[in-house]
Amino acid sequence: VYNILNTLALEGIVEKNRDNQRYRLGLTLFELGNIARANFELRSVATSYLKELNRQLDETVHLTILDKGEVLYIECFESTKRLRTYSVIGIRAPLHCTAVGKAILAFLPEDEVDKIILTKGLEKFTENTITDPQKLKEHLREIRFRGYSTDNMEHEEGVRCVGAPIHNQECKVFASISVSGPSLRLTVERIPAISELVMVTANEISRRIRI
């Protein structure tokens, strides 16, 4: 039991009172609770907007958050079409080759981007995956300029996605949304129109969060 408590103390989950040698809950649980509450509030705010985006395009819509240098999928509304991308709620994905990931990565401080590249690497998933750090940074500058990101079959063959960032009360990007589907339907020609809807939806969610 002592070894377990010592491990929990090292992680900040419990703290030892030096006066009476008793243990109490640590600040890490408080931080985790705040993260869980923020995610619940984000999903609560975003749901109606995501459903509407899903209804307009009838393509799969995802909501993700930044977590430990990756994106974590926390909500999804699937297309009704037989050929579609499916829900991946609870799954993590890289930042450098997904639309939801690049929508976040493009707005992070450069030193944080460098740290993520160093620790997570730039794994090659398809022939379109950007694996050169300098090319990726140039691509991220383009995303910042136009306000939306794309995954042009960079994470999975035959799947194309369009994403946009979500800002919190401090105007920092911490989450993102995307529309994804088969590349046969989400053609390059459709991206400008889809990107407008995705950006409007992301901006509306961000505005609601800041109220």
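The values are calculated or read from the model by the stated rules, or taken from the named source; none is laboratory data. Treat the numbers as computed from the prediction; the structure is a model and nothing was measured. Cβ placement follows ideal geometry from the backbone for every residue including glycine, while neighbour counts extend to all protein chains displayed. Note: accessible area is taken over every heavy atom of the protein model, side chains too, but ligands, DNA and RNA are not part of it. Shrake-Rupley method; radii C 1.70, N 1.55, O 1.52, S 1.80 Å.
Collect the residues in the range 154-165 that are open to solvent by 40 Å² or more (accessible area, probe 1.4 Å) and either under 18 Å from residue 107 (Cα atoms) or free of Cβ contacts under 8 Å to residues at least 60 places away in the same chain (or both), keeping them in residue-number order. First the steps, then the outcome.
Keep residues of the range 154-165 that are open to solvent by 40 Å² or more (accessible area, probe 1.4 Å), which gives 155-157.
Listed by number, the residues that qualify are 156, 157.
List every residue pair whose Cβ atoms sit under 7 Å apart, with the two residues 6 or more apart in sequence or on different chains, where the first one lies in the range 126-142 and is under 18 Å from residue 156 (Cβ atoms) and the second, anywhere, is modelled with pLDDT of 95 or more and among the small types (Gly, Ala, Ser).
Final answer for the pair search is none.
To keep it simple, each residue is scored yes or no on (1) surrounded by 15 or more Cβ atoms within 10 Å (Cβ to Cβ); (2) in a strand (DSSP E or B); (3) touching a Pro at 6+ places or on another chain (Cβ under 9 Å); (4) at pLDDT 95 or above.
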| position | (1), (2), (3), (4) |
| --- | --- |
| 20 | no, no, no, no |
| 33 | no, no, no, no |
| 36 | no, no, no, no |
| 45 | yes, no, no, no |
| 74 | yes, yes, no, no |
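Those residues that are in contact with a strand residue (DSSP E or B) (Cβ under 7 Å, 6 or more places away or on another chain) and either assigned to a strand (DSSP E or B) or in contact (Cβ under 8 Å) with a residue 24 or more places away in the chain (or both), I need them from the range 87-96; list them, please. Let's see the steps before the verdict.
The initial filter retains those residues of the range 87-96 that are in contact with a strand residue (DSSP E or B) (Cβ under 7 Å, 6 or more places away or on another chain), namely 87-95.
Selection gives 87, 88, 92, 93, 94, 95.
Kindly indicate whether any position in the range 117-124 is open to solvent by less than 90 Å² (accessible area, probe 1.4 Å) and without any contact (Cβ under 8 Å) to a residue 12 or more places away in the chain.
Taking the range 117-124 first, the residues open to solvent by less than 90 Å² (accessible area, probe 1.4 Å) are 117, 121-122.
In the following step, the residues that additionally are without any contact (Cβ under 8 Å) to a residue 12 or more places away in the chain were identified as 121.
Yes, the range 117-124 contains a residue that is open to solvent by less than 90 Å² (accessible area, probe 1.4 Å) and without any contact (Cβ under 8 Å) to a residue 12 or more places away in the chain.
I'd like the residue in the range 97-110 that is open to solvent by 10 Å² or more (accessible area, probe 1.4 Å) and assigned to a loop (DSSP other than H, G, I, E, B) and, out of all such residues, is farthest from residue 147 (Cα to Cα). Give the derivation first.
Applying the first criterion (open to solvent by 10 Å² or more (accessible area, probe 1.4 Å)) to the range 97-110 yields 107-110.
Now restrict to residues that are assigned to a loop (DSSP other than H, G, I, E, B): 107-109.
Values: 107: 10, 108: 14, 109: 16 Å.
So the residue we want is 109.
Results for (1) acidic (Asp, Glu); (2) on the phi > 0 side of the Ramachandran plot; (3) open to solvent by less than 50 Å² (accessible area, probe 1.4 Å); (4) touching a His at 6+ places or on another chain (Cβ under 9 Å), shown as yes or no for each residue.
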position: 61; (1), (2), (3), (4): no, no, yes, no
position: 81; (1), (2), (3), (4): no, no, no, no
position: 89; (1), (2), (3), (4): no, no, no, yes
position: 141; (1), (2), (3), (4): no, no, no, no
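Of the residues 130, 116, only one is in contact with an Asp or Glu (Cβ under 9 Å, 6 or more places away or on another chain), among the hydrophobic types (A, V, I, L, M, F, W, C) and part of a helix (DSSP H, G or I); which? Show your work before the answer.
Working: 130 fails: part of a helix (DSSP H, G or I).
The conditions single out 116.
Of everything in the range 152-205, what is in a helix (DSSP H, G or I) and at pLDDT below 95? Give them in sequence order.
Taking the range 152-205 and keeping what is in a helix (DSSP H, G or I), we get 188-205.
Those that are in a helix (DSSP H, G or I) and at pLDDT below 95: none in the range 152-205.
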